[in-house]
Amino acid sequence: MKPIEKRIRDLLKEKRAIMLAHNYQPSEIQDLADLCGDSLELSIKASQTDAEVIVVCGVSFMAETASILSPTKTVLLPRHDAGCPMADTVTPEALKARIAELLPMPVVTYVNSTAAVKALSTICCTSANVVNVVNSLEEDEALMVPDQNLARFAQGHTTKRLHLWNGCCPIHDRLTPADIQAAKAAHPEAEVMVHPECRPEVVALADAVVSTSGMIRHAGASDAREFIVATEVGLLHPLKKSHPDKAFFPASTAMVCPDMKKITLEDVARSLERMEGEVKVPPEIQAPALKAVQRMVDLAR
Ligand code: 13P
Ligand code: SF4
């Protein structure tokens, strides 16, 4: 273990802290974390931990979600500028205006959104549970924000009518069917795993459409030896680590999320040492946002 890694592990113990890392984080961060996972797994862990401090190695909406679920705990985001451009496509003002235009209907909000937007929502979802969440609604119509690609994917698996928002993940949305076809030509035996943040025409070429952790599970369950991975390239690390006997190829090496690569081991150590980078959702937002997030977490139980 490198000295910086030892320092972080010692600090985690001293501060009674837990380190959570998203599957897209740099490999050295994932390797040191107490738990790596997709957005749903990180949310569930944040709701269950008895640690006093939660260090979130991911982006700001993940730290906000941890604070919403554990308002009495200290939540640290080692880099305050690690954001999500998709989350920024919906503001509370714009969402209120859209809600006013529509007939009364539930609002299903992807966790990749700000706490203030979650506070206006009926229920949250992640890429792992979007279909279950939509189908759990009593109503026949819903507004889904902010990812229109995820909403289109869900629309294919429900009889409910989904109204879309004009948002998407710039990293996943840039992947084209031509990228998948080129990867398939290079690796004809490989199964294609696609994240539902990709465009419908890319999703249509998939053998499996799953969340990041869903891809790790799918690769284990499948008889295939090779996989084309259509999501952010950080996932290749946990895929190779979990399945060293299988081969994984990125659908495109351009799928790099700069925000997910901001946090370094030095940032984690500094944040813990100085208790710097606290993310605290104000109570007037936390309470309504918790209803929407908790409703989602309860569905997963
Ligand atoms: P999941 O790990 O929940 O599939 O999330 C993908 C993502 O884009 C997170 O920013
Ligand atoms: Fe946001 Fe996309 Fe980056 Fe995830 S990969 S944090 S959705 S920009």
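The values are calculated or read from the model by the stated rules, or taken from the named source; none is laboratory data. Keep in mind the model is a prediction, meaning the values are calculated, not measured. Note that we place each Cβ from the backbone using ideal geometry, even for glycine, and neighbour counts take in every protein chain shown. Ligands, DNA and RNA are excluded from the accessible area calculation, which covers all protein heavy atoms including side chains. Shrake-Rupley method; radii C 1.70, N 1.55, O 1.52, S 1.80 Å.
Simple rule: put +1 on each Lys or Arg Cβ and -1 on each Asp or Glu Cβ in segment 160-231, find the dipole, and look at G167, A182, M215; the Cα lying farthest toward the positive end is G167. Taking amide H as placed 1.01 Å from N in the peptide plane, the amide H of I123 sits under 5 Å from that of V107, T109, each at least 5 places away or on another chain. Taking every alpha-carbon pair under 8 Å whose residues sit at least 6 apart, segment 1-77 reaches a relative contact order of 28 percent. Our estimate of slack between E93 and D223, defined as 0.36 nm per intervening residue step minus the Cα-Cα distance, is 42.0 nm.
Cross-linked pairs K2/K241; K96/K160; K6/K291; K15/K45; K45/K262; K15/K240: Cα-Cα separations exceed 29 Å for K6/K291; K15/K240. Compute the FRET efficiency between L103 and A204 as 1/(1 + (r/R0)^6), taking r as their Cβ-Cβ distance and R0 = 30 Å, and round to the nearest 0.05. Step by step, r from the Cβ atoms, then E = 0.45. Based on the Cβ-Cβ distance of S136 and K2, what FRET efficiency does E = 1/(1 + (r/R0)^6) give at R0 = 45 Å, to the nearest 0.05? Computed FRET efficiency for S136 and K2: 0.50. At a probe radius of 1.4 angstrom, the accessible area of segment 172-266 per residue rounds to 42 square angstrom. Annotation note: trypsin sites (Lys or Arg not before Pro) in segment 1-46 located in DSSP loop regions with a Cβ neighbour count of at most 12 within 10 Å are R16. Each helix, a run of at least 4 DSSP H residues, gives -39500 (n - 2.57); summed and divided by the residues of the chain, these come to -12000 deg cm²/dmol at 222 nm. Once C-alpha pairs closer than 8 Å and six or more residues apart are averaged by separation and normalised to the residue number of segment 163-218, the relative contact order reads 32 percent.
Were the residues from K241 through E273 laid out at 0.36 nm apart, the gain over their Cα-Cα distance would be 8.5 nm. When the solvent-accessible area of the chain is split by element, carbon and sulfur atoms take up 52 percent of it, the probe being 1.4 Å. Rounded to the nearest whole Å², what accessible area per residue is found for segment 58-129 with the 1.4 Å probe? On a per-residue basis, 34 Å². The label point for E284 and the one for T72, both projected 7 Å from the Cα toward the Cβ, are 2.5 nm apart. Rounded to the nearest 0.05, what FRET efficiency do A182 and T264 have when you use their Cβ-Cβ distance and R0 = 30 Å? That gives a FRET efficiency of 0.35. Among the GluC sites (Glu not before Pro) found in segment 31-100, those both in a DSSP coil and sparsely packed, with 16 or fewer other Cβ atoms within 10 Å of their Cβ, are E52. Using C-alpha pairs below 8 Å separated by at least 6 residues, the relative contact order for segment 229-299 is 24 percent.
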